[in-house]
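J.: Here it is, the structure, as structure tokens.
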Amino acid sequence: MTGGRRIVTRLKRLLLLLLLSSVFPLASSAAEVCETCHRSQTDGFAHRSNDVGCTACHGTSEAHLSNPVVSSPDTTFSLAEDDAGERCVSCHEGSRMMYWQGSGHELAGTTCNLCHRSHGEGLSEPELCLSCHGDLRSSQHLPSRHPIAEGKVNCTDCHSPHGSANENLLHGDMATDVCTRCHSDYRGPFLFEHDPVTEDCTICHKPHGSVQPAMLDSRPPFLCQQCHMGVNHVGELNDGGGIAARSPNLIGKSCLNCHSRVHGSNHPSGARLTR
Amino acid sequence: MRMRLFLLLAWILVPSLVLGEGDITIGSVYTSDDTFRFGQYNSLYEQGAHVNGSVKWRSEVVDRHWQLEARDLGLRNREVSFRLQAANSFDFSVGYSESAARGNDTGLTPYVGSAELRLPLSWQPAVNVPGFDLTQATRDFDQDIQRKQLNIVLGKRFNPGLAVSGTIEFMERVGTRLTGAAIYTNAANPQAVLIPEPVDQDTLRIEMEADLDFKDLALQATTTLVRFSNHEDLVTWQNPYQSGLGSSVDYPAGTGGIATEPDYDQTALSLNASWRLMPRIQFVLGGAVSRTEQDDDLPPYTVNPMLAVNQSRPLTSLDGRLETRHLNLFVLTRPFRRAALNFRYRYRARENTASRFAWNAVIGDGLDQPSSRFALFNRPLEKETDSYTLEASYRLPGGQRLKASYVFEESYRNFAAVEDTELDSWRFTLSSARQGPLQHRVQVRLDDHAGSTYEWSRPFFQMTAVELVSQVPDDQRWSNHPLLRQYHLANFEKVSIDWRTRWLPGKNWQLELTASSQEVEFDKSELGLTDAASHRAGANLSYSGGEKYQAWAWLAWDRSDRDQTGRDFSGGIEKPANRNVLPLPQGSDPTRDYTVGQDTAAISAGIGMSIRLSEKLSLGTEYMGLDTSEENNVRTFSARDLVGGDLPAIEHRLHRVEAKLDWQVRDSLTLSAQHTWYRYKENDYAWSNLGIGDIAKVLTGGQNPPNEVVNMFSIAVRYTPEGKWK
């Protein structure tokens, strides 16, 4: 076959593919039938991409198809605890839902359809989570925070709403594992380690937001003096007079004016976390 | 081969483009002023106009579905993601994201350079900061960290019971942050500077996961590889001071150096299994191990070549290894339809295999290497925790659910003043059914944390060389005062109450009230944190009038109170904690105590509504306000030289008003206009009107707290051809 004939043959194939693609239905036939009346429910139908039609959840509903005014579909759903989740679990089970049973959400009676919308788009994060955890709404706007409002960090970046081995529904087993996934520079190990860093980041930080800089739980030097009370400047009284005197314990970065390697030091002279 | 690939792509994309749906938005955004708080995370920190755009497009061809999303294309916060799925077959996605974290941009620095910071040739040193001539020698610098992230995920489902996925993530962080750095001979006489530290790091993460699902058995295996690379190993700076420490330390020869975070490689493996033995009994068993290794070359004891170093480092690289082990065993049962009884066992272990050596630190790049008796040992920290949980839950008639649980946790830590700690925790929850117009939830939690004998001398022995230990009297061998109980090791009793009520009086209304309170008493602590309390209350109200009208309002109040006690004392013979050596300030004198009461309160509120003015015109408005106050009240006892006095209150005030108008010109064309007014003011005493030369021994760079009024205007055109995907 010559080069020119080869090109023509390929173009014909391409044209055939295009035609076939435009002829093939875009959705399952079952959804198309339901669409004639339930257009608003089938628009944005989230399961369409996995070839799941209406009958997979609502049953074949032949009586409803014959006489929709008189007969309801075989299965309908409410927010009742017992039935709303069971149909979902019939497909969405296994390893993805391994920690669901007994999880905080499951024991609180949170059913699948409280968060997920089978028909169309519902709320997205963080509004979805704040619809129940409204006490955290104000945290998004505190002076020191994660960029949740800007969409750069989502609740599910740290938390697993379907359950996890961690009691706070965190991904991973410990808070430190979660934090160092993004703040990977603080994982260590360092030559000289700082005890609370290796234990739990939330000893010093409030990940949902804080009035203090760097999402700290308390302000240096007082935060540091909760664990460090030694001679001279370590246990020194820091009061209002120190502001006027421009004490380095209070002004600027406070203790971190010198002890900047507060997450750990890999320097041979760094035992005091100044190097 | 290439032609076949082209045909495949064409087969997918061409009809998709023709038959797909979505929208394309192009617009412009204008910010009226330079800011850093308003633009902290949204990259709108500079006055001026930006062209911006976003795309959302999706399409389906037979059983293949793809979607493309992109937003903030004209800003430093841009994101693009593409996803291609084939029903029950494969799932491929690639995403790229940028984000800029902006810090205060009102600071100055005399330093030039990046990892080797030098002062200008015209620099005039001085004993203290006020003696520097900073009018000519400083430049602006921006605290800015840009993060770029690329994610590629490919998942393949071979059959209903087997799926495999792989993820590659690459994250890069580049920028500058403000870091404290000191050159000193002893802690009483530091000479510090705040330097613009360069940040240049990247993290590569590769994860593979396999999921096997059988009828009553589910298995999941995950392996993860992480490589962290820091392209800056050491940051050095030139000492600006002339303080009589010797020509090797003073300007211009004196140089300080701090090590950056080390590179490491981490390998992790986790295996999880869930087995439904019977319809009402499920076992979950999971385990994970990880190993993190770092062997970065250690910097020398000092970067100052003029100082005498006569002892070599015991190691030239740490060759450190951190191993973690986690084990979870859950037995989840439903003995009756309404009841659940669960048992959980969790094991956590952190093991640090680094060796311990005595390090002859050169004090702050300011002194020759001291005698070996002042050497300090490194402490490879380890912790092991066993946690046992028994929980029972019962659904009462009427749909209410009662849950009770007991947790017992014991931990062991090496190199800590308290080796063993135990936590007993009782939790009770009563919640209503999720149906009905009135829903409530109340939780009470009681925690009792206790530790073994507090060995106040242990940290001293662990860190200090034997020669020095033998020279120090028994009752002075402590790093922290013997009466201090460190926060996370201290005995405490904690009571927490959490209450939530949701009222849905009608289909359109929802009111939620929340309140929580927590009181902690550190009953064995005489120094350190002694009491802590936090209280929170909030209300959320929303109304939905269908597509035509929606309104919402919320109010939140947070308060936190912490009390801690300290003791102001000096060193030397005044140090004994238990002996009376008058008249010098000493560790044994309770009159030298002081208390700090930290009270923080925050009130925030928001109100908004969206109205469909007509079929093609909608208006949305929202107001959000925040007011915080922090007080640190200091009280002293009878020591005459300790006066005490409250620190100035720190306040933050934020107001934000937004209004947005959408006009659907045609079915496929919508014009949007938005105005945001933003007002933010802060008066943190640590940074309030801080001049670069304000602190005698710390060259800070100066900084003004944010006091911003910003107007942001944006207009956009959204094209939505047929289809309704928004």
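The values are calculated or read from the model by the stated rules, or taken from the named source; none is laboratory data. What you see is a predicted model; the values in this text were computed from it and never measured. With ideal geometry, Cβ positions are generated from the backbone for all residues, glycine too; neighbour counts draw on all protein chains shown.
J.: Can you tell me which residue among B:622, B:630 is in contact (Cβ under 8 Å) with a residue 24 or more places away in the chain, more than 8 Å from chain A (Cβ to nearest Cβ) and surrounded by 16 or more Cβ atoms within 10 Å (Cβ to Cβ)? Spell out the reasoning first.
T.: Working: B:630 fails: more than 8 Å from chain A (Cβ to nearest Cβ).
Matching residue, one of B:622, B:630: B:622.
J.: Hey, residue B:187 hits all of (1) among the hydrophobic types (A, V, I, L, M, F, W, C); (2) at the interface with chain A (Cβ under 9 Å from one of its Cβ atoms); (3) touching a residue at least 24 places away in the same chain (Cβ under 8 Å) but one; which does it fall short on?
T.: Against the list (1) among the hydrophobic types (A, V, I, L, M, F, W, C); (2) at the interface with chain A (Cβ under 9 Å from one of its Cβ atoms); (3) touching a residue at least 24 places away in the same chain (Cβ under 8 Å), residue B:187 comes up short only on (3).
J.: Are there any pairs with C-beta distances below 6 angstrom linking a residue in segment B:335-353 that is of a type in the set (A, V, I, L, M) to a residue that is exposed (fewer than 14 other Cβ atoms within 10 Å of the Cβ), with the two at least 6 apart or on different chains, and if so which?
T.: B:341/B:335
J.: Of all residues in segment A:41-100 being in contact with an Asp or Glu (Cβ under 6 Å, 6 or more places away or on another chain) and over 30 Å from residue B:439 (Cα atoms), which is modelled with the lowest pLDDT?
T.: Checked segment A:41-100; the qualifying residue modelled with the lowest pLDDT is A:44.
J.: Against the definition (surrounded by fewer than 18 Cβ atoms within 10 Å (Cβ to Cβ), at the interface with another protein chain (Cβ under 10 Å from one of its Cβ atoms), of a type in the set (A, V, I, L, M) and more than 27 Å from residue B:183 (Cβ to Cβ)), how does residue B:273 come out, yes or no?
T.: Values: surrounded by fewer than 18 Cβ atoms within 10 Å (Cβ to Cβ): yes; at the interface with another protein chain (Cβ under 10 Å from one of its Cβ atoms): yes; of a type in the set (A, V, I, L, M): yes; more than 27 Å from residue B:183 (Cβ to Cβ): yes.
When the stated conditions are applied, residue B:273 passes them.
J.: Among the helices (runs of 4 or more DSSP H) contained in segment A:156-260, which hold 3 or more residues that are in contact with a helix residue (DSSP H, G or I) (Cβ under 9 Å, 6 or more places away or on another chain)?
T.: Details: elements: A:175-182, A:195-199, A:241-244.
Filter on segment A:156-260 gives A:175-182, A:195-199.
J.: With B:219, B:162, B:178 as the choices, which residue is over 30 Å from residue B:274 (Cβ atoms), among the aliphatic types (A, V, I, L, M) and in contact with a strand residue (DSSP E or B) (Cβ under 7 Å, 6 or more places away or on another chain)? Steps first, please.
T.: Details: B:219 fails: over 30 Å from residue B:274 (Cβ atoms); B:162 fails: over 30 Å from residue B:274 (Cβ atoms).
Just one listed residue meets the conditions, B:178.
J.: Residue B:348: facing chain A (nearest Cβ under 10 Å) and at pLDDT 95 or above, yes or no? Break it down stepwise before answering.
T.: Values: facing chain A (nearest Cβ under 10 Å): yes; at pLDDT 95 or above: yes.
Answer is yes for this residue.
J.: Is it true that residue B:293 is at the interface with another protein chain (Cβ under 10 Å from one of its Cβ atoms) and either within 26 Å of residue B:187 (Cα to Cα) or part of a strand (DSSP E or B) (or both)? Talk me through it step by step, then tell me what you get.
T.: On the way: at the interface with another protein chain (Cβ under 10 Å from one of its Cβ atoms): yes; either within 26 Å of residue B:187 (Cα to Cα) or part of a strand (DSSP E or B) (or both): yes.
Answer is yes for this residue.
J.: Then there's this: Just for segment B:238-255: of the residues that are of a type in the set (Gly, Ala, Ser) and over 14 Å from residue B:192 (Cβ atoms), which one is nearest to the chain's Cα centre (by Cα)? If you could, list the steps in order and put the result at the bottom.
T.: The first filter runs over segment B:238-255 and keeps only residues of a type in the set (Gly, Ala, Ser), leaving B:243-244, B:246-248, B:253-254.
Of the ones still in play, those that are also over 14 Å from residue B:192 (Cβ atoms) are B:244, B:246-248, B:253.
Details: B:244: 41, B:246: 41, B:247: 42, B:248: 40, B:253: 38 Å.
Filtering segment B:238-255 for residues that are of a type in the set (Gly, Ala, Ser) and over 14 Å from residue B:192 (Cβ atoms), the one nearest to the chain's Cα centre (by Cα) comes out as B:253.
J.: So which residues in segment B:411-436 are among the charged types (D, E, K, R) and buried (at least 16 other Cβ atoms within 10 Å of the Cβ)? Talk me through it step by step, then tell me what you get.
T.: Let us first name the residues in segment B:411-436 that are among the charged types (D, E, K, R), namely B:413, B:419-420, B:422, B:424, B:427, B:434.
Matches in segment B:411-436: B:413, B:419, B:427, B:434.
J.: Please find, within segment B:298-333, the residue that is surrounded by the fewest Cβ atoms within 10 Å (Cβ to Cβ) out of those that are of a type in the set (Ser, Thr, Tyr) and either part of a strand (DSSP E or B) or facing chain A (nearest Cβ under 9 Å) (or both).
T.: Let us first name the residues in segment B:298-333 that are of a type in the set (Ser, Thr, Tyr), namely B:301-302, B:312, B:316-317, B:324, B:333.
Keeping just the survivors that are either part of a strand (DSSP E or B) or facing chain A (nearest Cβ under 9 Å) (or both) gives B:301-302, B:317, B:324, B:333.
Numbers: B:301: 22, B:302: 27, B:317: 14, B:324: 21, B:333: 19.
Within segment B:298-333, the match that is surrounded by the fewest Cβ atoms within 10 Å (Cβ to Cβ) is B:317.
J.: Can you work out which of the residues in segment B:384-399 that are more than 10 Å from chain A (Cβ to nearest Cβ) and part of a loop (DSSP other than H, G, I, E, B) is surrounded by the fewest Cβ atoms within 10 Å (Cβ to Cβ)?
T.: Start the filter on segment B:384-399 by keeping residues that are more than 10 Å from chain A (Cβ to nearest Cβ), which leaves B:384, B:386, B:388, B:390, B:392, B:394, B:396-398.
Still in the running and part of a loop (DSSP other than H, G, I, E, B): B:396-398.
Numbers: B:396: 12, B:397: 6, B:398: 8.
Among those that are more than 10 Å from chain A (Cβ to nearest Cβ) and part of a loop (DSSP other than H, G, I, E, B), it is B:397.
Table: residues versus (1) touching a residue at least 40 places away in the same chain (Cβ under 8 Å); (2) buried (at least 16 other Cβ atoms within 10 Å of the Cβ).
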{"position": "B:643", "(1), (2)": "no, no"}
{"position": "B:663", "(1), (2)": "yes, no"}
{"position": "B:686", "(1), (2)": "no, yes"}
{"position": "B:693", "(1), (2)": "yes, yes"}
{"position": "B:710", "(1), (2)": "yes, yes"}
{"position": "B:717", "(1), (2)": "yes, no"}
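J.: From the list B:367, B:381, B:341, pick out the single residue that is over 34 Å from the mean Cα position of the chain (by Cα) and either among the β-branched types (Val, Ile, Thr) or assigned to a loop (DSSP other than H, G, I, E, B) (or both).
T.: Details: B:381 fails: over 34 Å from the mean Cα position of the chain (by Cα); B:341 fails: either among the β-branched types (Val, Ile, Thr) or assigned to a loop (DSSP other than H, G, I, E, B) (or both).
From the options B:367, B:381, B:341, the qualifying one is B:367.
J.: Give the residue that is farthest from residue A:103 (Cα to Cα), with candidates limited to residues of segment A:133-148 that are surrounded by fewer than 19 Cβ atoms within 10 Å (Cβ to Cβ) and free of Cβ contacts under 8 Å to residues at least 12 places away in the same chain.
T.: A:147
J.: Any idea which residue in segment A:235-265 is nearest to residue B:692 (Cα to Cα), counting only those that are within 8 Å of chain B (Cβ to nearest Cβ) and of a type in the set (Val, Ile, Thr)?
T.: The qualifying residue nearest to residue B:692 (Cα to Cα) is A:251.
J.: Name every residue in segment A:161-201 that is under 24 Å from residue B:148 (Cα atoms) and among the hydroxyl-bearing types (Ser, Thr, Tyr), in order of residue number.
T.: Passing the criteria: A:176, A:180, A:184, A:186.
J.: Okay, next question. Just to be sure before I move on: is residue B:652 out of contact with any Cys (no Cβ under 9 Å at 6 or more places or on another chain) and at the interface with chain A (Cβ under 7 Å from one of its Cβ atoms) in the structure I sent? Before the answer, list the steps.
T.: Values: out of contact with any Cys (no Cβ under 9 Å at 6 or more places or on another chain): yes; at the interface with chain A (Cβ under 7 Å from one of its Cβ atoms): yes.
Taking the combined requirement at face value, the residue satisfies it.
J.: So, in segment A:220-234, of the ones that are under 19 Å from residue A:194 (Cβ atoms) and either aromatic (Phe, Trp, Tyr) or within 7 Å of chain B (Cβ to nearest Cβ) (or both), which residue ends up surrounded by the fewest Cβ atoms within 10 Å (Cβ to Cβ)? Can you show your working first?
T.: Initial filter on segment A:220-234 (under 19 Å from residue A:194 (Cβ atoms)): A:220-230, A:233-234.
Retained after the next criterion (residues that are either aromatic (Phe, Trp, Tyr) or within 7 Å of chain B (Cβ to nearest Cβ) (or both)): A:222, A:225-230, A:233.
Values: A:222: 22, A:225: 27, A:226: 29, A:227: 22, A:228: 19, A:229: 28, A:230: 20, A:233: 17.
Ranking the qualifying residues of segment A:220-234, first place goes to A:233.
J.: Would you mind telling me which numbered condition in (1) assigned to a strand (DSSP E or B); (2) within 13 Å of chain A (Cβ to nearest Cβ) residue B:493 fails?
T.: It fails just one condition, (2).
J.: Kindly establish whether residue B:364 is buried (at least 17 other Cβ atoms within 10 Å of the Cβ), within 10 Å of chain A (Cβ to nearest Cβ) and among the small types (Gly, Ala, Ser).
T.: Numbers: buried (at least 17 other Cβ atoms within 10 Å of the Cβ): yes; within 10 Å of chain A (Cβ to nearest Cβ): yes; among the small types (Gly, Ala, Ser): yes.
Yes; evaluated as a whole, the condition is true for this residue.
J.: A follow-up question, please. Out of B:208, B:171, report the one residue that is under 28 Å from residue B:155 (Cα atoms), in contact (Cβ under 8 Å) with a residue 40 or more places away in the chain and not hydroxyl-bearing (Ser, Thr, Tyr). Quick ask: steps written out before the conclusion?
T.: Details: B:171 fails: in contact (Cβ under 8 Å) with a residue 40 or more places away in the chain.
Exactly one residue qualifies, and that residue is B:208.
J.: Which ones in segment B:124-133 are in contact (Cβ under 8 Å) with a residue 60 or more places away in the chain, surrounded by fewer than 19 Cβ atoms within 10 Å (Cβ to Cβ), of a type outside the set (S, T, N, Q) and part of a loop (DSSP other than H, G, I, E, B)?
T.: B:125, B:127
J.: For residue B:481, all conditions in the list (1) in contact with a strand residue (DSSP E or B) (Cβ under 6 Å, 6 or more places away or on another chain); (2) assigned to a loop (DSSP other than H, G, I, E, B); (3) away from chain A (no Cβ under 14 Å) hold save one; what is the number of the exception?
T.: (3)
J.: Could you tell me which residue of segment B:679-711 is farthest from residue B:37 (Cα to Cα), considering only residues that are under 24 Å from the mean Cα position of the chain (by Cα) and in a strand (DSSP E or B)?
T.: The selected residue is B:703.
J.: Is one or more of the residues making up segment B:518-534 of a type in the set (Phe, Trp, Tyr) and either surrounded by fewer than 17 Cβ atoms within 10 Å (Cβ to Cβ) or assigned to a strand (DSSP E or B) (or both)?
T.: Taking segment B:518-534 first, the residues of a type in the set (Phe, Trp, Tyr) are B:522.
In the following step, the residues that additionally are either surrounded by fewer than 17 Cβ atoms within 10 Å (Cβ to Cβ) or assigned to a strand (DSSP E or B) (or both) were identified as none.
Checked segment B:518-534: no residue is of a type in the set (Phe, Trp, Tyr) and either surrounded by fewer than 17 Cβ atoms within 10 Å (Cβ to Cβ) or assigned to a strand (DSSP E or B) (or both).
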